[in-house]
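A.B. asks: Before anything else, here's the structure in question.
The values are calculated or read from the model by the stated rules, or taken from the named source; none is laboratory data. Only a predicted model underlies this, so the values are computations on that prediction, with no experimental measurement involved. Note that we place each Cβ from the backbone using ideal geometry, even for glycine, and neighbour counts take in every protein chain shown.
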Amino acid sequence: MRIGIDVGGTKIAIGLVDGTGRIVARRRILTESWRGYGPIRDRILAGIDGMLREGGVSGEEVERIGVAAAGQVRGDRILFSPNLHWENAPLKADLERVTAIETFLENDVNAATYGEWKFGMAQGGAHVVGIFIGTGIGGGLIFDGRLYRGCSGVAGELGHITLNPQGYRCNCGSTGCFEAYCGGAYVVDRVKKRIEQGYRGKVWDLISGRPEELHAGHIEAAYLEGDEVCTAVWKEVIEYLGVALQNLVNLLNPEVIICGGGVIEGARQLMEDARGVMEKRALSPSVADLRLEKARLGEDAVILGVTCME
């Protein structure tokens, strides 16, 4: 048995995985990221203990714990995780000291890409790119059937590819990043600002006059109904997502690009619209054998991926 843990900014998902790759028990707890590293580490430990007791499984039956978190991860620690407010967090050593179980740390999108490759829609491809678009954008790269981490272990920051040097400011401190154009929080913020300035188009009816409820799916729906502001914003999302895909296929020539995350899951036709832009712009041989697929495992991809990664 193995334990997979997905540590997010708002929730911690824990899964007990058997030797066939089946999640046989689950547990979900709030992160309460504002508490800092120590209390979150203790919540993870309590979650592991509670799930094992409920499942009637002893620690001796668990071969490994895999933990995935957003941010830069290397070796025995989380180097930097802005969503968790962690820097140089020694999570591997802390978990191993208490549980006596070998622990492995990984970036959450690397884990999700690996999980989709191993168990989901990317099965069979030796060259795979994962793009996960939620609040921000993360990526994972698999070359020749192995996850590519780069020389410092932090490769795959696809969200911070620069698409327009004079473009929108990104939270990373740069300008024109892929994330700043297509990340859900950024896209929603652009429409919210117009609403705060008094705009009342079709999107206003879709959110029942509650701007705090606005998400990317509303923006696409309003675009499809002809809303002026949402049309301008969403056309930009389509164009820049297509351009990002074009750059990736021209550079890497993958067999599969797997797209997931809340923005992709909540949109009706974003992937197909962006595919059109990609195919128009990309070099023909680069897309001739490409599969562009939607992720199908949801948060299970992270849990499954981080339990079986090397």
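A.B. asks: Being modelled with pLDDT of 95 or more, surrounded by fewer than 17 Cβ atoms within 10 Å (Cβ to Cβ) and not basic (K, R) is true for just one of P285, P254. Which residue is that?
C.D. replies: Of P285, P254, the one residue that is modelled with pLDDT of 95 or more, surrounded by fewer than 17 Cβ atoms within 10 Å (Cβ to Cβ) and not basic (K, R) is P285.
A.B. asks: Any chance you could count how many residues in segment 238-263 are over 24 Å from F143 (Cα atoms) and of a type outside the set (F, W, Y)?
C.D. replies: Within segment 238-263, residues that are over 24 Å from F143 (Cα atoms) and of a type outside the set (F, W, Y) number 4.
A.B. asks: Please give the helices (runs of 4 or more DSSP H) falling wholly within segment 34-125 in which 3 or more residues are among the hydrophobic types (A, V, I, L, M, F, W, C) and in contact with a Gly (Cβ under 7 Å, 6 or more places away or on another chain).
C.D. replies: It comes to 108-119.
A.B. asks: Does R22 fit the bill of being surrounded by 13 or more Cβ atoms within 10 Å (Cβ to Cβ) and assigned by TED's automatic domain parsing to the domain that holds N107?
C.D. replies: In short, no.
A.B. asks: Looking at L270, L292, L251, which is the one that is free of Cβ contacts under 8 Å to residues at least 24 places away in the same chain and more than 24 Å from E106 (Cα to Cα)?
C.D. replies: Matching residue, one of L270, L292, L251: L251.
A.B. asks: If V191 satisfies every condition in (1) touching a helix residue (DSSP H, G or I) at 6+ places or on another chain (Cβ under 8 Å); (2) closer than 23 Å to E293 by Cα but one, which is the exception?
C.D. replies: Of everything listed in (1) touching a helix residue (DSSP H, G or I) at 6+ places or on another chain (Cβ under 8 Å); (2) closer than 23 Å to E293 by Cα, V191 misses just condition (2).
A.B. asks: In a loop (DSSP other than H, G, I, E, B) and not aliphatic (A, V, I, L, M): does that describe G156?
C.D. replies: On the way: in a loop (DSSP other than H, G, I, E, B): yes; not aliphatic (A, V, I, L, M): yes.
Taking the combined requirement at face value, the residue satisfies it.
A.B. asks: If you go through segment 232-251 one residue at a time, do you hit one that is touching a strand residue (DSSP E or B) at 6+ places or on another chain (Cβ under 7 Å) and closer than 21 Å to T113 by Cβ? Even if it seems obvious, please write down each step before you answer.
C.D. replies: Just the residues of segment 232-251 that are touching a strand residue (DSSP E or B) at 6+ places or on another chain (Cβ under 7 Å), to begin with: 245, 248.
Going one step further and asking which of them are closer than 21 Å to T113 by Cβ, we end up with 245, 248.
Checking segment 232-251: at least one residue is touching a strand residue (DSSP E or B) at 6+ places or on another chain (Cβ under 7 Å) and closer than 21 Å to T113 by Cβ.
A.B. asks: If you don't mind, there's one more thing I want to ask. Could you check how many residues of segment 4-51 are out of contact with any Lys or Arg (no Cβ under 7 Å at 6 or more places or on another chain), over 18 Å from A301 (Cα atoms) and touching a residue at least 40 places away in the same chain (Cβ under 8 Å)?
C.D. replies: Total satisfying the criteria: 9.
A.B. asks: Run down E60, E96, E54, E87 and say which single residue is surrounded by fewer than 17 Cβ atoms within 10 Å (Cβ to Cβ) and at pLDDT 95 or above.
C.D. replies: After ruling out the rest, the residue left standing is E96.
A.B. asks: Separate question: Looking at I195, is it surrounded by 15 or more Cβ atoms within 10 Å (Cβ to Cβ) and under 23 Å from the mean Cα position of the chain (by Cα)?
C.D. replies: Against the criterion (surrounded by 15 or more Cβ atoms within 10 Å (Cβ to Cβ) and under 23 Å from the mean Cα position of the chain (by Cα)), I195 does not qualify.
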